[in-house]
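In what follows, a single structure is set out as structure tokens and then discussed.
Laboratory data are not the source of any read-out in this text; all were calculated from the coordinates shown. Computed from a predicted structure; not experimentally measured. Cβ atoms come from the backbone with ideal geometry, glycine included; neighbour counts cover every protein chain shown.
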Amino acid sequence: MSSPPTDPQAQVQELRRQLQSLLEAATANERKLDRFDALERRLMAVGSMEELVHLLLIDCCADFGLDAAELWLLDPEEELRRALPALPMVKAPRLLDHHGPLKDLFGAARSTRLVGPADAPLLAKAFGEGTPVRSAALLPLIRQGLLIGSLHFGAHDPERYDAASGTKFLDRLAAIAAIAIESMLNRERLRRAGMTDGLTGVHNRRYFDHRSLIEFSQAVRHRYPLACLFLDIDHFKAINDGHGHPTGDEVLRQVGGLIQRSLRTGDLAARYGGEEFVVLLPRTDLAGACEVAERIRLMVQDAPFVTPEGGTVNATLSAGLAMLPAGATSFAELLNAADRALYDAKRAGRNRTVADSLGAAQAADS
Ligand SMILES: Nc1nc2c(ncn2[C@@H]2O[C@H](COP(=O)(O)OP(=O)(O)OP(=O)(O)O)[C@@H](O)[C@H]2O)c(=O)[nH]1
């Protein structure tokens, strides 16, 4: 350490220099505070999950000059997994189906961890093997005493975060990010509840009525085929009467799951009424739609449906199929044609797929 100058002129100069550097530090701190403040305000105002993820993973890096950011979210019920693939995201959060990875980062401590280059294994856990990140801040996201995820900020500079630095700003940011994530999840749950059938987990009729019009107009505008399937469980009343309503509910729930799992992203399945489901298959021709209907029909026919008592029952379903543009010029016509075909399938003995004759004939001609 250099000794203070004895010459009064030099002392004044030294004091000026110290004052200047204190002023610079204060200005830098004030700027940092302003950036945190602005970030907090934006976090509290985000309107969607995409916006929130973008803010935490992309904007944070730009605003704070970071080299890497990761967001991990606990998702044991897979609700985020279902909600997020549909979202257009530049960078996606990592969804965890159990606490293990979070425990590896925070142990029982659950407080912000500042990690330096000496703890390379922890940096690799937080940012992936081979990461160029040399120092990091790992922020636990906690809501109502529960760890719901973590936010990781990383830098190539090994001294950007060191264990001796304060974590006050980061702790506060983590608390606000956790609130923003939870409120966004609640909003997402409400949104999904409003468009999902509570028993079967497929979309409800209200959502179908809305989405089907969009699908219809897009198919017309872009001139691609749109297939509509009506699927109705056979003699469902007998299942209810013979095994009880809870078993009927369970069959409905499992059929809903089978239908959902046999469709591609972009297809739309909904519970249309009691034991009736409707499926829209955009960009699918008659042969493709028949294949989908038959696949579902055979899966239902072969499935042992587990009852609430742990026994099994069998069920079958009938399918009616209509095509746009072959069999219909409006969406109501398409639905009616599929419903007519379903009626024909029931009349012909059930457990079968019938294509609307007009649609099938015209599709065969074209
Ligand atoms: N368990 C249960 N039953 C329902 C639900 N919604 C409608 N149902 C029953 O579904 C049955 C439908 O019976 P029907 O319309 O006669 O048709 P079906 O017995 O399937 O006969 P087909 O369709 O002609 O093969 C009725 O008994 C309804 O009460 C529900 O959410 N849960």
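Our summary gives segment 8-194 a relative contact order of 21 percent, counting only alpha carbon pairs under 8 angstrom and 6 or more residues apart. Relative contact order of segment 205-365: what whole-number percent is it, with Cα pairs under 8 angstrom and at least 6 residues apart? Relative contact order comes out at 27 percent.
Peptides 182-191, 227-236 ordered by packing proxy, namely the average of other Cβ atoms within 10 Å per residue, highest first: 227-236, 182-191.
A Cβ-based charge dipole, computed about the Cα centre of the chain with Lys and Arg at +1 and Asp and Glu at -1, lands at about 300 debye. Our compactness index for segment 8-194, the C-alpha radius of gyration over the empirical 2.2 N^0.38 Å, is 1.18. Straight-line reach from residue 237: taking Cα to Cα under 12 Å and skipping same-chain neighbours fewer than 8 places apart, the aspartates and glutamates in range are 249, 275. Rg and Dmax, both from the Cα atoms of the chain and both in Å, are 29.7, 110. Label zone (residue 217, point 7 Å along Cα-to-C-beta; backbone nitrogen cut-off 14 Å) within segment 331-356: 331. Of 91, 125, the sequence from fewest to most neighbouring Cβ atoms within 10 angstrom is 91, 125. Dipole of segment 208-322 (Lys/Arg Cβ +1, Asp/Glu Cβ -1, origin at the Cα centre): which of 282, 235, 303 lies farthest to the positive side? Final value for the positive-end residue is 282.
Taking each DSSP H run with n ≥ 4 as -39500 (n - 2.57) and averaging over every residue of the chain yields -16000 deg cm²/dmol at 222 nm. Charge dipole of segment 205-365 (Cα centre as origin; +1 on each Lys and Arg Cβ, -1 on each Asp and Glu Cβ, all else neutral): 340 debye, rounded to the nearest 20.
Overall shape of segment 227-362 was characterised from the C-alpha gyration tensor. The equivalent ellipsoid obtained from it has semi-axes of 27, 15, 12 Å, in decreasing order.
Taking every alpha-carbon pair under 8 Å whose residues sit at least 6 apart, the chain reaches a relative contact order of 12 percent. Taking a span of 30 Å or more along the helix axis (Cα atoms) and a mean Kyte-Doolittle hydropathy of at least -0.5 as the rule, the DSSP H helices of the chain that qualify are 168-195. With all projection directions averaged, the alpha carbon convex hull of segment 1-86 covers 9.3 nm². Within a straight-line Cα-Cα reach of under 17 Å, residue 103 can be paired with the following lysines, leaving aside sequence neighbours fewer than 8 residues apart in one chain: 125.
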